[in-house]
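> One structure follows; several queries about it will come next.
The values are calculated or read from the model by the stated rules, or taken from the named source; none is laboratory data. Note that the structure is a prediction, hence the values are computed from the model and not measured. Quick reminder, even Gly has a Cβ in these numbers, built from the backbone with ideal geometry, and neighbours come from all protein chains shown. Protein only, heavy atoms only, side chains kept; ligands, DNA and RNA dropped before computing areas. Shrake-Rupley method; radii C 1.70, N 1.55, O 1.52, S 1.80 Å.
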Amino acid sequence: MDRQETISILVLSNQAHVINPILAGMRDEKQNLIAQLINSTMQLQDKTRHQHWDLVLCSDDSAVSPGDIAAALQSEGRDLPIIYLYDDNSPTNTDGLIQTGINDYLELTQTEKIRAAIKREVKLQRLSHNYR
């Protein structure tokens, strides 16, 4: 992926103190990055309706479930990758998450893996878009 291309991320999380260092690390790698924190399905639909986004980053403390995220994206005709971040202390039904259509499932502390997953998903999203 060209480092000059801007990556646009919708973030659904109440843990800005954990998400911000992940995004700051990408900026340190000279990635152009726009991130928008949202906390409701209505905001998600509004943002996807009026702007282009590359992916959704969602943590397990979000007020919006992965299923609701996928449904909101589908209702807007958007096909965005969803990366789900979980806290190792929280119980999570991984089978249920996979069925909602998330693209990746990573622990919040795995910052390098999260950054790599973001870059990979954005690259795949752009390749798919160019192919269409």
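> How about the range 50-67: which of its residues are at pLDDT 90 or above and either charged (D, E, K, R) or in contact with a Pro (Cβ under 8 Å, 6 or more places away or on another chain) (or both)?
If the condition is that a residue be at pLDDT 90 or above and either charged (D, E, K, R) or in contact with a Pro (Cβ under 8 Å, 6 or more places away or on another chain) (or both), then ASP54, LEU55, VAL56, CYS58 are the ones that fit.
> Does any residue of the range 120-131 turn out to be part of a helix (DSSP H, G or I), charged (D, E, K, R) and at pLDDT below 90? Full working, then the answer.
Keep residues of the range 120-131 that are part of a helix (DSSP H, G or I), which gives 120-131.
Next, only the ones that are charged (D, E, K, R) stay: 120-121, 123, 126.
Adding the requirement that they be at pLDDT below 90 leaves 126.
Checked against the condition, which is being part of a helix (DSSP H, G or I), charged (D, E, K, R) and at pLDDT below 90, the range 120-131 yields at least one hit.
> Let me ask something else about it. Is it the case that some residue within the range 73-84 is of a type in the set (D, E, K, R) and modelled with pLDDT of 90 or more?
For the range 73-84, residues of a type in the set (D, E, K, R) and modelled with pLDDT of 90 or more: absent.
> Name the single residue, out of those in the range 42-92 being of a type in the set (Phe, Trp, Tyr) and not in a loop (DSSP other than H, G, I, E, B), that is nearest to the chain's Cα centre (by Cα).
Top of the filtered list is TYR84.
> Something else about it: So in the range 18-41, with the set limited to residues that are in a loop (DSSP other than H, G, I, E, B) and more than 16 Å from ILE83 (Cα to Cα), which one is most open to solvent (accessible area, probe 1.4 Å)?
LYS30
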